[in-house]
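Asker: Dropping the structure in here first, questions after.
The values are calculated or read from the model by the stated rules, or taken from the named source; none is laboratory data. None of these values were measured; they are calculated from a predicted model. No Cβ is skipped: glycine too gets one built from the backbone with ideal geometry, and neighbour counts run over all protein chains shown.
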Amino acid sequence: MTREDILGAQRAWGDAVVAADVQALLALYDFDNAHGPILFKPTMAADIRTDRAGAESYFVGGDARYPDDKGFLNKGWTSVVFHSAAGTVFEGGRLAANDMGKYVFTDQAGNTARADYTFSYHKVDGRVLITLHHSSFVYVPE
């Protein structure tokens with residue numbers, strides 16, 4: 001896995017968010033990870049999810065287990081830009097990588113939302129897949 005692989009995965013993730021394509025987005029996560037469940041705690045969610053159905057509910061809503069999910073993809077995002085804090089940190093002979101930074105979402109009215117993110121990736125059959133997704137709104141001191 002290379003830095004370019006991670007950048008490609010981030011572009012694919014952002015493109016799927018802008019296209020509001022939940023299936024393309026979910027295909028970027030390793031829900032079949034043999035090493036354990038996926039860890040998924042996105043910005044506008046109260047609960048950690050460990051399965052495909054929980055992630056899908058976050059993105060499009062509709063799962064009774066997560067009644068507060070309104071569908072992140074329904075917000076009409078027009079762009080997503082990743083800003084890595086220090087570049088990608090590789091592990092295990094470049095079979096896995098972690099990245100942390102900020103990403104900025106822009107909606108159709110030109111409004112932006114910034115969040116901090118941490119993603120972990122690994123490569124399976126030549127594909128870079130997400131195994132951990134955590135994000136939170138940027139801290140603003142009072």
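Asker: Can you report the number of residues in the range 18-46 which are part of a helix (DSSP H, G or I) and closer than 16 Å to Ser57 by Cβ?
Answerer: 4
Asker: For the range 51-73, give me each residue that is surrounded by 15 or more Cβ atoms within 10 Å (Cβ to Cβ) and touching a Leu at 6+ places or on another chain (Cβ under 8 Å).
Answerer: Ala55, Glu56, Phe59, Val60, Leu73 - these are the residues of the range 51-73 that are surrounded by 15 or more Cβ atoms within 10 Å (Cβ to Cβ) and touching a Leu at 6+ places or on another chain (Cβ under 8 Å).
Asker: Could you please find all residues in the range 131-142 being farther than 12 Å from Lys41 by Cβ and within 10 Å of the chain's Cα centre (by Cα)?
Answerer: Thr131
Asker: Let me ask you something else. In the range 1-32, which residues are modelled with pLDDT under 90 and either exposed (fewer than 15 other Cβ atoms within 10 Å of the Cβ) or farther than 16 Å from Tyr121 by Cβ (or both)?
Answerer: Thr2, Arg3, Glu4, Asp32
Asker: Scan the range 71-91 and give yes if some residue there is within 22 Å of Ala20 (Cα to Cα), free of Cβ contacts under 8 Å to residues at least 24 places away in the same chain and among the small types (Gly, Ala, Ser), otherwise no.
Answerer: Yes.
Asker: Same structure again: Mind listing whichever residues of the range 100-118 are within 12 Å of Lys41 (Cβ to Cβ) and either in contact (Cβ under 8 Å) with a residue 24 or more places away in the chain or aliphatic (A, V, I, L, M) (or both)?
Answerer: Ala115, Tyr117
Asker: Further, regarding this structure: So which residues in the range 55-96 are out of contact with any Gly (no Cβ under 6 Å at 6 or more places or on another chain), at pLDDT 90 or above and charged (D, E, K, R)?
Answerer: Kept after step one, since they are out of contact with any Gly (no Cβ under 6 Å at 6 or more places or on another chain), are these residues of the range 55-96: 55-59, 62-68, 72-79, 81-82, 86-96.
Still in the list and also at pLDDT 90 or above: 55-59, 62-68, 72-79, 81-82.
Residues satisfying the conditions are Glu56, Asp63, Arg65, Asp68, Lys75.
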